[in-house]
Amino acid sequence: MTTPARLGSATLPADLAARWRARSLASIWLRASDWDHPTVEHMAYAVAIGDDPRDSAWNLGQARGEIGVGIEETIDDVACLYGALGPHHPPPTVLRALCAGWADAQAGAVVAGSCRDPESGLPTRQYLAVRIGEACASLTPGRLVVVDVAAGDVLPSVRIARSAAVGEALVSTYGAGHPMAALGGGVFAVLVRGEQDPVDLVPLLRREIDRRVGAEPLRSATRCPVRIRSVDVPRSPADAADLISRLARS
């Protein structure tokens with residue numbers, strides 16, 4: 001019979017983070033690629049050593065809110081952290097800090113709404129460059145899935161309809177929690193982080209795009225087949241900005 005670990009016991013932060021992740025993904029977390037984030041490591045460290053985790057909880061809540069994770073899933077995830085130590089529950093002060101960080105991200109999202117591409121409804125490439133820069137600091141920065149649907153010059157009205165169709169296909173395939181953007185000129189990209197292989201969803205993404213552009217005039221305005229490739233995330237924010245510039249069409 002094992003004895004549940006005490007809060008602030010000698011549990012190694014890395015071991016606690018691994019058990020937290022496994023518990024969350026097995027029960028309440030919707031997308032494995034969204035879970036990993038530097039704030040997770042900070043939160044696990046604070047809890048493992050018995051430090052005050054409120055600041056870490058606030059940062060974690062903000063990070064979850066920024067990628068579109070709901071408040072219920074965010075709270076349940078932290079409950080999995082404490083549950084990984086035994087029959088423990090998150091203290092009310094920790095939950096308040098977590099929710100405050102999440103709410104701050106929601107307030108920021110309202111301001112960031114103007115940073116969206118009006119044709120596709122996706123964020124702009126400047127937004128994606130920032131998110132890729134953040135991912136550079138992670139041990140598993142992930143990959144960019146790059147989609148090119150351009151097929152020559154098209155009428156503005158057709159281009160707008162095509163962009164909207166591709167934006168819907170990306171959100172439908174990867175979910176709103178994945179940072180994604182319209183890069184311009186019929187090129188789009190989505191950041192896939194963590195252990196999830198971006199290639200796994202490419203067939204589904206291709207089907208989602210084909211279904212939405214199957215009728216004229218979108219069919220003739222869309223590359224056939226759609227070009228989809230994956231690119232490693234650079235290791236520095238400066239290189240991330242350069243990558244976005246190279247991928248984008250002026």
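Each reported figure results from applying straightforward, stated rules to the coordinates on display, with no laboratory input. Please read these numbers as outputs of a predicted model, since none were measured by experiment. Don't worry about glycine lacking a Cβ; one is built from the backbone with ideal geometry, like all the others, and counts go over all protein chains shown.
Structure notes:
- Of T93, T124, T74, the sequence from fewest to most neighbouring Cβ atoms within 10 angstrom is T93, T124, T74.
- For the chain, a Kirkwood radius taken over Cα pairs fed into Stokes-Einstein (37 °C, viscosity 0.692 mPa s) yields D = 170 µm²/s.
- Region 37-83: proportion of alpha-carbon pairs further apart than 15 angstrom, %: 38
- Inverse mean reciprocal Cα-Cα distance (Kirkwood Rh) of region 13-113, Å: 13.3
- The calculated FRET efficiency for the pair S27 and R96, based on their C-beta separation and a Förster distance of 35 Å, comes to about 0.90.
- The simple spin-label model puts a point 7 Å past each Cα toward its Cβ; for D55 and S236 those points are separated by 2.8 nm.
- Positive-end residue of G184, C224, V166, charge dipole of the chain with Cβ unit charges: C224
- Normalised convex hull volume, region 116-247, alpha-carbon set, Å³ per residue: 88
- FRET E, pair D104, D210, Förster distance 51 Å, beta-carbon r, rounded to 0.05: 0.80
- Centre separation in Å (Cα based) which lies between region 120-134 and region 204-240: 16
- Taking all pairs of distinct alpha-carbon atoms in region 50-170, Kirkwood radius in angstrom: 17.1
- Spin-label pair S172-R246: with each label point 7 Å from Cα along the Cα-Cβ axis, the two points sit 3.2 nm from one another.
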